[in-house]
Amino acid sequence: MSPGPAQALAEGFPDLSGLAVARRMRWGRWTAALLIVLALLALARAFANGQIEWSYVGRFLTVPAILDGIINTVVMAVAAMALGIVLGVVVAIMRLSPNPVLRAVAGGYTWLFRGTPVILQLLLWFNLALVFPVIGVPGLWSGRAVDLMTPFLSALLGLGINQGAYTSEVMRAGMLSVDVGQYEAAQAIGMSHLRALRRIILPQAMRVVIPPLGNEFISMVKMTSLASVIQYPEVLHSAENIYYANSRVIELLIVAGIWYLAVVSALTPLQMLLERRFARGLTGNSG
Amino acid sequence: MTVEPAPGVPLAFDPDSLAIAMIGVHKWYGAFHVLRNINLDVRRGERIVICGPSGSGKSTLIRCINRLEEHQQGSIVVDGVELTADLKRIDTVRRDVGMVFQQFNLFPHLTILENCTLAPIWVKKMPKREAEELAMRLLTRVKIPEQAGKYPGQLSGGQQQRVAIARALCMNPKIMLFDEPTSALDPEMVKEVLDTMTGLAQDGMTMIVVTHEMGFAREIADRVVFMDNGEIVEINAPKEFFENPQHERTKLFLSQILH
């Protein structure tokens, strides 16, 4: 048995074991909190007295034009990201291939699309008809580029192909993070290069790439707003159309801002679910 | 099927009885000469142990047998198939040759059962049910059928290495290569892996084992190969090798590892 605290005390000292430890006043915290509350109050007062009709924000938050806009935003973000991931995986595999031609093509793609602004790429796709009035596969099918390059397709190609250039680097980092022994083990049991990538390397790379891909997806949701310049009817475009008519510029911009925040907030739990899915067998003491 | 030469008769050049033939094999990493004029014939059912100081080229030698490494000169014939840059030949050889690695290299994102069924299903196109039955039989053989549903990270090192052996056996290989299979294990787990390998040897598997376990070499090997500085210095039966080594380098090596 160990002695009680009182018995352990040296003689001559008072028994303090029953007393609670006093907590130091944390003046810094109180001061900081006070200053921030004051600043927030001032900000709220400024907005309340500013030239904002808050009733318009509430009214336009759920009008059909805005709701269509946010749906178009989400559709474009998902479609362009999907295209970006497919391209990213293919280009990353090419970049890591022993074939120098594939490596050079992949490097050139990344260089070209990372090196030019997305808005410029969007405008180029949208105006493709100026370069190629008629496009198609010779002998099979052809059509007028003006009809083909709709705002949707131009935005999808512009955003997706640009995204592929960034995603390929994320995927490459993920594939490089998988131990080379994994690839050797797959080869030793007779798996081909592509099968080993598909079954062994990519599933393990996914665990590493999901956090950066989540980041990229959030960027993509906001980047779709650039497609408003080529008439794609996403949420910012809808908001602009409304304020051109009623001049409630700030109110409509706040509406769009609220919707972007809502979509991005919904993505975080989704990312956590995916992360858990790909962490199977790899949490704790992995071998 | 197996052509066994009569005991005591020196090995004739009968290609049917040879599992592996390495003739004048050289390999370089840049300017570094890793393998120098390797000549080694392995009969079917023979157990070869390769030992030697680290950096002597032992691992590189066996990694050339299933083409994880390329050789630059000489020829390697595995089960009648000469290894060249031809991918078909490499595939054929890899289906016949199983390999166990020092670091196990199990697939951490797959269960033990999935680790074992992966190659039969995707390489041999075996139906899933049949592959699972095969995998369970082999996991029973390495004495861990109860771990089938777990992930590699949940197993001890010894158990993981036994799964790695079962995974290789699932392809029904004719030859097994072991690259320092017990070097990454805690001492108390070495025995369970060596016992599994001994069982395999007793069943007549052709085995090439790179190891520092001299007890295993003495007990199991038909021949012991000693390598130093990229060349084969000495090949001998284990009794002769340990009791009457011929070369100074062999003597020095043995004096360093046997106490």
When segment A:149-196 is examined, which residues are found to be within 30 Å of A:Asn72 (Cα to Cα) and of a type in the set (S, T, N, Q)? A:Thr150, A:Ser154, A:Asn162, A:Gln163, A:Thr167, A:Ser168
Check segment B:175-183 and report whether any residue there is within 13 Å of chain A (Cβ to nearest Cβ), over 18 Å from B:Thr117 (Cα atoms) and aromatic (Phe, Trp, Tyr). yes
Just name the residue that is most open to solvent (accessible area, probe 1.4 Å) out of those in segment B:104-123 that are in a helix (DSSP H, G or I) and at the interface with chain A (Cβ under 8 Å from one of its Cβ atoms). B:Trp122
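So which residues in segment B:124-154 are under 23 Å from the mean Cα position of the chain (by Cα), open to solvent by less than 10 Å² (accessible area, probe 1.4 Å) and at the interface with chain A (Cβ under 10 Å from one of its Cβ atoms), if there are any at all?
Here is the first cut: in segment B:124-154, the residues under 23 Å from the mean Cα position of the chain (by Cα) are B:124, B:134-144, B:152.
After this cut, where a residue has to be open to solvent by less than 10 Å² (accessible area, probe 1.4 Å) as well, the list is B:135, B:139, B:142, B:144, B:152.
Listed by number, the list holds a single entry, B:Pro152.
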Does any residue of segment B:42-59 turn out to be assigned to a helix (DSSP H, G or I) and within 14 Å of another protein chain (Cβ to nearest Cβ)? yes
Is there a residue in segment A:210-225 that is modelled with pLDDT under 95, closer than 30 Å to A:Ile70 by Cα, open to solvent by less than 30 Å² (accessible area, probe 1.4 Å) and within 14 Å of chain B (Cβ to nearest Cβ)? yes
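Kindly indicate which of A:Leu202, A:Leu194 is open to solvent by 70 Å² or more (accessible area, probe 1.4 Å), of a type in the set (A, V, I, L, M, F, W, C) and closer than 30 Å to B:Ile175 by Cα. Can you show your working first?
Numbers: A:Leu202 fails: open to solvent by 70 Å² or more (accessible area, probe 1.4 Å).
Just a single option satisfies the conditions, and that option is A:Leu194.
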Unmet requirement for A:Ser142, which otherwise passes all of (1) among the hydroxyl-bearing types (Ser, Thr, Tyr); (2) in contact (Cβ under 8 Å) with a residue 12 or more places away in the chain; (3) open to solvent by 70 Å² or more (accessible area, probe 1.4 Å): (2)
Breaking point among (1) at pLDDT below 95; (2) assigned to a helix (DSSP H, G or I); (3) more than 10 Å from every other protein chain (Cβ to nearest Cβ), for B:Ile90: (3)
Just name the residue that is farthest from the other protein chains (Cβ to nearest Cβ) out of those in segment A:165-202 that are closer than 15 Å to B:Cys116 by Cα and assigned to a helix (DSSP H, G or I). A:Ala196
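Table: residues versus (1) part of a helix (DSSP H, G or I); (2) at negative phi.
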{"site": "B:Ala135", "(1), (2)": "yes, yes"}
{"site": "B:Lys143", "(1), (2)": "no, no"}
{"site": "B:Gln160", "(1), (2)": "yes, yes"}
{"site": "B:Ala164", "(1), (2)": "yes, yes"}
{"site": "B:Leu185", "(1), (2)": "no, yes"}
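Looking only at segment A:1-55, how many residues end up being aromatic (Phe, Trp, Tyr), at pLDDT below 90 and either open to solvent by less than 100 Å² (accessible area, probe 1.4 Å) or not in a loop (DSSP other than H, G, I, E, B) (or both)?
Narrowing segment A:1-55 to residues aromatic (Phe, Trp, Tyr): A:13, A:27, A:30, A:47, A:54.
Filter once more, so that each one left must be at pLDDT below 90: A:13, A:27, A:47, A:54.
Keeping just the survivors that are either open to solvent by less than 100 Å² (accessible area, probe 1.4 Å) or not in a loop (DSSP other than H, G, I, E, B) (or both) gives A:27, A:47, A:54.
Total satisfying the criteria: 3.
The values are calculated or read from the model by the stated rules, or taken from the named source; none is laboratory data. What you see is a predicted model, and the numbers here were worked out from it, not measured in a lab. Glycine gets a Cβ as well: all are built from the backbone with ideal geometry, and neighbour counts include every protein chain shown. Note: accessible area is taken over every heavy atom of the protein model, side chains too, but ligands, DNA and RNA are not part of it. Shrake-Rupley method; radii C 1.70, N 1.55, O 1.52, S 1.80 Å.
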